[in-house]
Amino acid sequence: MLLRTQPRLRESEVTDKSLWLDRRRFLALGAAAASAWPALAGAGPLPGLIRSPYRIDEAATPLKDVTHYNNFYEFGTDKSDPAQMAPSFFGAVPKPWMVTVSGECAKPGTVSYDDLIKPHKLEERIYRLRCVEAWSMVIPWVGVPLADVLKRFEPNSKAKYVEFTTLVDPERFPGQRRGTLDWPYVEGLRLDEAMHPLTLLAVGLYGEELLPQNGAPIRLVVPWKYGFKSIKSIVGIRFGETPARTTWMKSAPREYGFYANVNPQVDHPRWSQGKERRIGEFLKRDTLAFNGYADQVAGLYSGMDLAVNY
Ligand SMILES: Nc1nc2c(c(=O)[nH]1)N[C@H]1C(S)=C(S)[C@@H](COP(=O)(O)O)O[C@H]1N2
Ligand SMILES: [Mo]
């Protein structure tokens, strides 16, 4: 996340983008088959998606970039490592994927990925994702509101925070054979942030199942926070009374705080957060407060000093 300076940016992948626009028109017509879809090797289509009102009206980042320009340190620190290392991720290990839900709740337990997702209708939502490194993307996610999933476990009155944990498996995650970060990758939200309707548990993008490099089979998407909060390949969810000690706070507490709300007013100690480069574009854009979602989420932080709670 922080070890490299600006990456090699490619020219905009016009073909992918036009396919995507075709696809949007296609969906608008109510067609079901996904023939206009750029196929993702190994990922299956996710049928019956609901068109969510949560969609920004900006061109989606080309699929090629969304799946080949990733931060996922379990696969390596280079942006191109995840796409290169990920194809074998599911090869050796059978599904089902299990998620353990524990802590301050009435119904803790272990659930398979299928049982976690099945009772919920999948939505397609187009969100900005803004990395702390000052690049951004626009991604058509598929998922379910995290709140709908969390409620099934009946968090109790002591549950004030939620902690998320990524799988530990050094055989499948070559990056975990090195001490780059303190594994497992851990992230956390306040319960009200976790329950906010914008917070999405994503299982797909561009209409298909997530590829491993994007955090398959299940990852978080918190669009008003820096990208590192959106933890991938989740196996653990825990309700707690206190905030989690998150991976990036452990790694560099002065640089990465618990809240990590996108904030152009509060610079990272080593670079400005005022502007960002949309992947595929050349000129930088202004970064928006809460990544453009201020109307919906600023109220969560009223009375808080966001320079202190960064
Ligand atoms: N487990 C895990 N989750 C992670 C990361 C990681 O290294 N490990 N990187 C984070 C960072 S820094 C970003 S910007 C986003 C990138 O998500 P994307 O590759 O799907 O765009 O994933 C986040 N989730
Ligand atoms: Mo990031």
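The values are calculated or read from the model by the stated rules, or taken from the named source; none is laboratory data. Predicted, not measured: the structure shown is a model, and the values here were computed from it. Note that we place each Cβ from the backbone using ideal geometry, even for glycine, and neighbour counts take in every protein chain shown. The accessibility values were calculated without ligands, DNA or RNA, using every heavy atom of the protein model including side chains. Shrake-Rupley method; radii C 1.70, N 1.55, O 1.52, S 1.80 Å.
The residue that is farthest from the chain's Cα centre (by Cα), among those in segment 176-187 that are closer than 12 Å to T246 by Cα and within 16 Å of ligand 2 (Cβ to nearest atom), is L181. Taking segment 129-169 as the range and being away from ligand 2 (no atom under 16 Å from the Cβ) and among the small types (G, A, S) as the test, the residues that pass are G143, A147, S157, A159. Going through (1) at negative phi; (2) buried (at least 22 other Cβ atoms within 10 Å of the Cβ) one by one, E171 falls short only on (2).
Results for (1) among the charged types (D, E, K, R); (2) within 11 Å of ligand 1 (Cβ to nearest atom); (3) without any contact (Cβ under 8 Å) to a residue 40 or more places away in the chain, shown as yes or no for each residue.
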residue: A83; (1), (2), (3): no, yes, no
residue: A86; (1), (2), (3): no, yes, no
residue: P96; (1), (2), (3): no, no, yes
residue: C105; (1), (2), (3): no, no, no
residue: I126; (1), (2), (3): no, no, no
residue: C131; (1), (2), (3): no, yes, no
residue: W135; (1), (2), (3): no, yes, no
residue: W141; (1), (2), (3): no, yes, no
residue: V144; (1), (2), (3): no, no, no
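Counting only residues that are part of a strand (DSSP E or B) and more than 16 Å from ligand 2 (Cβ to nearest atom), segment 253-265 holds 0 of them.
In summary, helices (runs of 4 or more DSSP H) completely within segment 146-252 and bearing 1 or more residues that are closer than 19 Å to I126 by Cα occur at 146-151, 191-194. Could you please find all residues in segment 225-266 being within 14 Å of ligand 1 (Cβ to nearest atom), closer than 18 Å to V308 by Cβ and either open to solvent by 20 Å² or more (accessible area, probe 1.4 Å) or free of Cβ contacts under 8 Å to residues at least 12 places away in the same chain (or both)? M249, E255, listed by residue number.
For segment 299-309, check the following and say yes or no: at least one residue is buried (at least 22 other Cβ atoms within 10 Å of the Cβ) and modelled with pLDDT of 95 or more. The answer is no; no qualifying residue exists. Could you tell me which residue of segment 267-278 is least open to solvent (accessible area, probe 1.4 Å), considering only residues that are in a loop (DSSP other than H, G, I, E, B) and not charged (D, E, K, R)? Applying the filter and picking the extreme gives Q273.
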